[in-house]
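One structure is given here, and the rest of the page talks about it.
The values are calculated or read from the model by the stated rules, or taken from the named source; none is laboratory data. Just so we're clear, the structure is a prediction, and the values are computed from it rather than from any experiment. Every residue, glycine among them, receives a Cβ derived from its backbone with ideal geometry; neighbour counts consider all protein chains shown.
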């Protein structure tokens, strides 16, 4: 359990590929600091270091154009969503996001996608795939609203 949380409350599931996607989720620390949370990311040296002491579910990678790992992560997502009391899924992408967003929406759990800060002129593939299943779409730049007119601009996370 994460310090400062309560046993009877659900948790936020923070989902993102390792590297920059994970860094942007970590930048939300003031928001999630006092919430129960679990992470879903890839088992990489940077993720292990950054998430030491956190509740982490290691997803299967690589995900780019890898149908086998997409299927494996879909089963993982169904298992995690079914076994944990998840109140919301928050993700910055990339490939690991889709199965968790879909699994959460199947159980009527709110899903939030935060588009990455370095995609200003075009939508990411993961955001386009996740979009029909989202409760909220957040972007970091006003310019990103051209691709996501329904999005809320939250400003730069990094």
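Odds and ends about this structure:
- Taking residues in region 137-152 that are buried (at least 19 other Cβ atoms within 10 Å of the Cβ), and partners anywhere that are part of a strand (DSSP E or B), the pairs with Cβ atoms closer than 6 Å and at least 6 places apart or on different chains are 137/113; 138/114; 138/152; 139/153; 148/137; 148/139; 151/137; 151/139.
- Of all residues in region 30-42, at least one satisfies being in contact with a helix residue (DSSP H, G or I) (Cβ under 9 Å, 6 or more places away or on another chain) and farther than 23 Å from residue 108 by Cβ.
- Residue check, residue 157 modelled with pLDDT of 95 or more and surrounded by 14 or more Cβ atoms within 10 Å (Cβ to Cβ): no
- Region 56-121 holds strands (runs of 3 or more DSSP E) entirely within its bounds, and those carrying 3 or more residues that are under 26 Å from residue 148 (Cβ atoms) and in contact with a strand residue (DSSP E or B) (Cβ under 6 Å, 6 or more places away or on another chain) map to 86-93, 111-114.
- Unmet criterion (only one of (1) under 16 Å from the mean Cα position of the chain (by Cα); (2) over 21 Å from residue 18 (Cβ atoms); (3) crowded, with 19+ Cβ neighbours inside 10 Å) for residue 133: (3)
- Looking across region 29-50, the residues that are part of a loop (DSSP other than H, G, I, E, B) and over 14 Å from residue 96 (Cβ atoms) come down to 33, 34, 35, 36.
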